[in-house]
1. On the given criteria, is V51 modelled with pLDDT of 95 or more, among the aliphatic types (A, V, I, L, M), surrounded by fewer than 17 Cβ atoms within 10 Å (Cβ to Cβ) and in contact with a helix residue (DSSP H, G or I) (Cβ under 8 Å, 6 or more places away or on another chain)?
2. What do you reckon, is S63 without any contact (Cβ under 8 Å) to a residue 60 or more places away in the chain and either surrounded by 15 or more Cβ atoms within 10 Å (Cβ to Cβ) or not in a loop (DSSP other than H, G, I, E, B) (or both)?
3. Show the residue pairs meeting these rules: Cβ distance below 8 Å; 6+ apart or different chains; first residue within the range 2-19 and within 19 Å of N72 (Cβ to Cβ) and modelled with pLDDT of 95 or more; second residue surrounded by fewer than 16 Cβ atoms within 10 Å (Cβ to Cβ) and among the small types (G, A, S).
4. Could you grab me the full set of residues in the range 21-48 that are out of contact with any Gly (no Cβ under 9 Å at 6 or more places or on another chain), closer than 18 Å to N72 by Cβ and assigned to a helix (DSSP H, G or I)?
5. For the range 22-49, how many residues meet the condition of being over 14 Å from E68 (Cβ atoms), touching a residue at least 12 places away in the same chain (Cβ under 8 Å) and not acidic (D, E)?
Amino acid sequence: MIEIDLHGLRHENAVRAVENLVVGESQKGSFQIRVITGNSTTLKNKVVNEVLNPLGFSWSINSKNLGEIIVNYTKL
């Protein structure tokens, strides 16, 4: 699984990094990415609302680790 750790990044840079990664990987084919956000609810919401939902990516947050978002994409 691909992983991106957003610790230490400013929110705008973190959102841009996630967008670049998911768009780039989607052009290659199917993928699963672990986005590590840490405890920041604000950052999780920004990633989901500014990148994942608008671009139509499927995602989930594991109840055992609220500090990460799992993004799944299956190329048809």
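1. Numbers: modelled with pLDDT of 95 or more: yes; among the aliphatic types (A, V, I, L, M): yes; surrounded by fewer than 17 Cβ atoms within 10 Å (Cβ to Cβ): no; in contact with a helix residue (DSSP H, G or I) (Cβ under 8 Å, 6 or more places away or on another chain): yes.
No.
2. Details: without any contact (Cβ under 8 Å) to a residue 60 or more places away in the chain: yes; either surrounded by 15 or more Cβ atoms within 10 Å (Cβ to Cβ) or not in a loop (DSSP other than H, G, I, E, B) (or both): no.
It is false that S63 is without any contact (Cβ under 8 Å) to a residue 60 or more places away in the chain and either surrounded by 15 or more Cβ atoms within 10 Å (Cβ to Cβ) or not in a loop (DSSP other than H, G, I, E, B) (or both).
3. Listed by first residue and then by second, the contacts come to L6/G38.
4. Residues of the range 21-48 that are out of contact with any Gly (no Cβ under 9 Å at 6 or more places or on another chain), as a first pass: 21-35, 41-43, 45-48.
Adding the requirement that they be closer than 18 Å to N72 by Cβ leaves 21-35, 47-48.
L21, V22, V23, G24, E25, S26, Q27, K28, V47, V48, listed by residue number.
5. 8
The values are calculated or read from the model by the stated rules, or taken from the named source; none is laboratory data. Small disclaimer: the values here were computed from a predicted structure and weren't measured. So basically every Cβ, Gly included, is an ideal-geometry build from the backbone, and we count neighbours across all protein chains shown.
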